[in-house]
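So the structure is just underneath, and the comments pick up after that.
Derivation of every value follows stated rules applied to the coordinates shown; laboratory data play no part. Small disclaimer: the values here were computed from a predicted structure and weren't measured. FYI the Cβ positions are ideal-geometry reconstructions off the backbone, even for glycines, and counts take in every protein chain you see.
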Amino acid sequence: MSSPFSDHPLLPPSTMNAALDDALRALEAQGLKRALRQVQQRRAGTVLLGGDRVADFASNDYLGLASDPRVARAAHAVLQAEGTGAAAARLISGNHPIHEALEHTLARLKGCDYTLLFPSGYMVNVGAIPALADRGDVIYSDALNHASLIDGCRLSRATVRVFPHNDLDALERMLAAERSQFRRALIVVEGVFSMDGDYCPLDRLVPIARHHEAWTYVDDAHGTGVLGATGAGSLEHFGVSRDVDVVVGTLGKALGTAGAYVGGSQELVEFLVSRARSFIFTTGSPPAMAAATLEALRIAEVEGWRRDAVRDRARRLRRRLLAAGLQVTGPEDGHIIPLLIGDAVRTMATVADLRRRGFLVGGVRPPTVPAGTSRLRISMSAVHPVELVDALGATLIDVLRRV
Ligand SMILES: *Cc1c(COP(=O)(O)O)cnc(C)c1O
């Protein structure tokens, strides 16, 4: 409610709050109103929520590194030595040597020539895609791409063609029919789709793209750190590390810190430094965060058991839910486990029920996913004890039998 007192008593009142109030009521009626809740004290696989410690199956902390004390100590050391902020955009005076050290380490991990750090994955996608495609170009975008990819496509002013999710035959038909009408073509996909947990078959995608002279852009937010023999991600998993043109990864998920990077050739990175607006016009990320990420990368590399554990637990839960006849999708050992409910209101009621029983799981509804496909999104972490995973399985089966 706006204050009845005003600095300018003769002005007509603003109509904003009443309009937004109507809009909020409409969202609520559709089960689409979102609200923040406080989540405190993250510890391996659990959080404090409303005073209760609950098992956290909603976060993307796949390797359990977000609360690792070694990562926190690495940040602490640099905080003490260097202070908090980068204090400027990296192109001005905010480029610290540790940013470049992290970029070199990420390039080595991903098997690409260069990487470029951004403050977040969202910012990579809204900066890199418009830098690479413009009016007269065409972008082929998977129907289930993340909001940041969709926004990047919109900002680009290129013609955007959406192809059915993971349907590379349909993509190939579209390329064959109309690729020649455009200057550049960019194919935008996710390595591991964030809401369905399935993988883009990159080994099939790359030859199709090359054949039609299209560039490949893979957002590997959920594959980075988890997939592939060394945790390099989806490109390593599918054996195409050197064949994808642009790869994006976030540091806020499996690596447990914050920020993101884009990787590829030297030409790509040099070009983005000059043309990606969300890189140029934003403050460099805190040097301490880069130090934390370097430590997280080191741990992820030497503690390969974390990758095995997350897959093992995912396989275990998925098997159990499938055996109970629940609608679970995604690869057998995929670390994102979607459980289809359908209706948005019912999905959120199920989330609340699980919460009361000590389990925090994600509830995903439109516009994040298409109407009628609201779902629970369970994400597995290497630090969830096996007994806890089994307890979640039993609780899910019980709760979903009731509703
Ligand atoms: C989470 C996510 C992002 C955003 O990354 P942030 O670093 O959290 O901004 C981008 N793309 C996909 C596919 C994601 O899942």
Need one number: nm distance between label points at Arg53 and Arg298, each 7 Å from Cα along Cα→Cβ, rounded to one decimal. 2.9 nm
Could you order peptides 219-230, 381-392, 90-101 by the average number of other Cβ atoms within 10 Å of their residues, highest first? 219-230, 381-392, 90-101
Could you tell me how far the Cα centroid of segment 235-295 sits from the Cα centroid of segment 83-153, in Å? 5 Å
Assign one of three labels to the chain, namely rounded, prolate or oblate, based on the Cα gyration tensor with a ≥ b ≥ c the square roots of its eigenvalues; rounded applies when a/c is under 1.5, prolate when it is not and a/b is larger than b/c, and oblate otherwise. rounded
Would you calculate the separation in nanometres between label points at His211 and Arg34, each defined as 7 Å from the Cα along the Cα-to-beta-carbon direction? 3.9 nm
Stokes-Einstein D for segment 69-302 at 20 °C, 1.002 mPa s, Kirkwood Rh over Cα pairs, in µm²/s? 121 µm²/s
The extension gain from Arg277 to Val345, computed as 0.36 nm times the residue separation minus the Cα-Cα distance, is 20.6 nm
Packing rank of 353-359, 46-52, where each peptide gets the mean count of other beta carbons within 10 Å, highest leading: 353-359, 46-52
In deg cm²/dmol, rounded to 500, what helix-only [θ] at 222 nm does the chain give when every DSSP H run of at least 4 residues adds -39500 (n - 2.57) and the total is split over its residues? -13000 deg cm²/dmol
Cβ-Cβ cut-off under 10 Å around Val369, Lys and Arg +1, Asp and Glu -1: the net charge is +2
With the Cα gyration tensor of segment 346-403 in hand, convert its eigenvalues to equivalent ellipsoid semi-axes via √(5λ) and list them largest first in whole Å. 21, 14, 9
Working out 0.36 nm times the residue gap between Ala177 and Arg356, then minus their Cα-Cα distance, what length gain in nm do you get to one decimal? 59.1 nm
The chain: DSSP helices with Cα axial extent of at least 24 Å and average Kyte-Doolittle hydropathy no lower than -0.5: 386-402
Counting all Cα-Cα pairs in segment 143-269, those more than 24 Å apart amount in percent to 24 percent
Difference of contour (0.36 nm per residue) and Cα-Cα distance, Arg157 to Ala26: 44.0 nm
Neighbour net charge for Ile378 - beta-carbon separation under 11 angstrom, K R +1, D E -1: +3
Relative contact order, percent, segment 69-302 [alpha-carbon distance under 8 Å, six or more residues apart]: 30 percent
Total charge of the residues flanking Gln41 in space, meaning their Cβ is under 15 Å from its Cβ, with Lys and Arg +1 and Asp and Glu -1, is 0
In which sequence would Val302, Val310 go, from the one with the fewest C-beta neighbours within 10 Å to the one with the most? Val302, Val310
Mean Cβ neighbour count within 10 Å, used as a protection proxy, ranking 155-168, 186-199 highest first: 186-199, 155-168
Note: segment 286-374 at 10 °C, 1.306 mPa s; Kirkwood Rh on alpha carbon pairs; Stokes-Einstein D in µm²/s works out to 102 µm²/s
How many percent of all Cα-Cα pairs in segment 46-135 sit more than 15 Å apart? 76 percent
Computed over segment 70-209, the distribution of all Cα-Cα distances in 10 Å bins, rounded to whole %, is 10, 31, 31, 18, 9, 1
For the pair Arg43 and Asp134, the simple spin-label estimate (label points 7 Å beyond Cα toward Cβ) gives in nm 5.5 nm
What is the calculated FRET efficiency for Thr230 to Ala87, with r their C-beta to C-beta distance and R₀ = 35 Å, to the nearest 0.05? 0.50
Report relative contact order for the chain in percent, whole number only (criteria: Cα-Cα under 8 Å, sequence separation at least 6). 21 percent
